[in-house]
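One structure is given below, encoded as structure tokens.
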Amino acid sequence: MDRGLQTLAQYLKWCRERGVQKIFAVGTSALREAKNSEVFLILVNGNLDLSIEVISGEEEAQLSYLAVAEDLQEKEKSILVVDVGGGSTEFILGKAVRSNNG
């Protein structure tokens, strides 16, 4: 927990130095599975004034896919994203849906 708090504090400092206006923090596998995750979330909120939303594995996969698709600017082809994490590896196959704006 101490290392997690220290790392988040460093990220927040970096963001503030660069004028970041909004910060969204999400927790994934480690916080979903830890028996004491609520304690960590309270520590982060109390010490860093940061709220972390713990998201489902499905939402994590969606966000991972969307980030890669956006970075690649790929709207026509299917993309396979391989997310190698601390506790698992997910394969996410998808194809971006083309909007009316292009």
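Miscellaneous remarks
- Taken over the range 14-37, the residue count meeting the criterion of being under 18 Å from the mean Cα position of the chain (by Cα) and not in a loop (DSSP other than H, G, I, E, B) is 11.
- Some residue of the range 80-87 being assigned to a loop (DSSP other than H, G, I, E, B), open to solvent by less than 30 Å² (accessible area, probe 1.4 Å), under 25 Å from residue 11 (Cα atoms) and touching a helix residue (DSSP H, G or I) at 6+ places or on another chain (Cβ under 7 Å): no
- Residue match in the range 71-79 (condition: surrounded by 12 or more Cβ atoms within 10 Å (Cβ to Cβ), in contact with a helix residue (DSSP H, G or I) (Cβ under 8 Å, 6 or more places away or on another chain) and part of a strand (DSSP E or B)): yes
- Long-range neighbours under 8 Å by Cβ, at least six apart or interchain, first residue touching a residue at least 40 places away in the same chain (Cβ under 8 Å) within the range 70-86, second open to solvent by less than 80 Å² (accessible area, probe 1.4 Å): 85/28; 85/29; 86/29; 86/30
- Listed by first and then second residue, the pairs with beta-carbon distance under 9 Å, at least 6 apart or on different chains, first residue in the range 36-48 and loosely packed, with under 15 Cβ neighbours inside 10 Å, second of a type in the set (Gly, Ala, Ser), are 45/51; 47/9.
- Here is the figure for the range 60-70: residues that are within 11 Å of the chain's Cα centre (by Cα) and open to solvent by 70 Å² or more (accessible area, probe 1.4 Å) total 2.
- Of 9, 61, all but one fail to be modelled with pLDDT of 95 or more, out of contact with any His (no Cβ under 7 Å at 6 or more places or on another chain), of a type outside the set (S, T, N, Q) and not in a strand (DSSP E or B); the exception is 9.
The values are calculated or read from the model by the stated rules, or taken from the named source; none is laboratory data. Please read these numbers as outputs of a predicted model, since none were measured by experiment. Note that we place each Cβ from the backbone using ideal geometry, even for glycine, and neighbour counts take in every protein chain shown. Note: areas computed on protein heavy atoms with side chains; ligands, DNA, RNA excluded. Shrake-Rupley method; radii C 1.70, N 1.55, O 1.52, S 1.80 Å.
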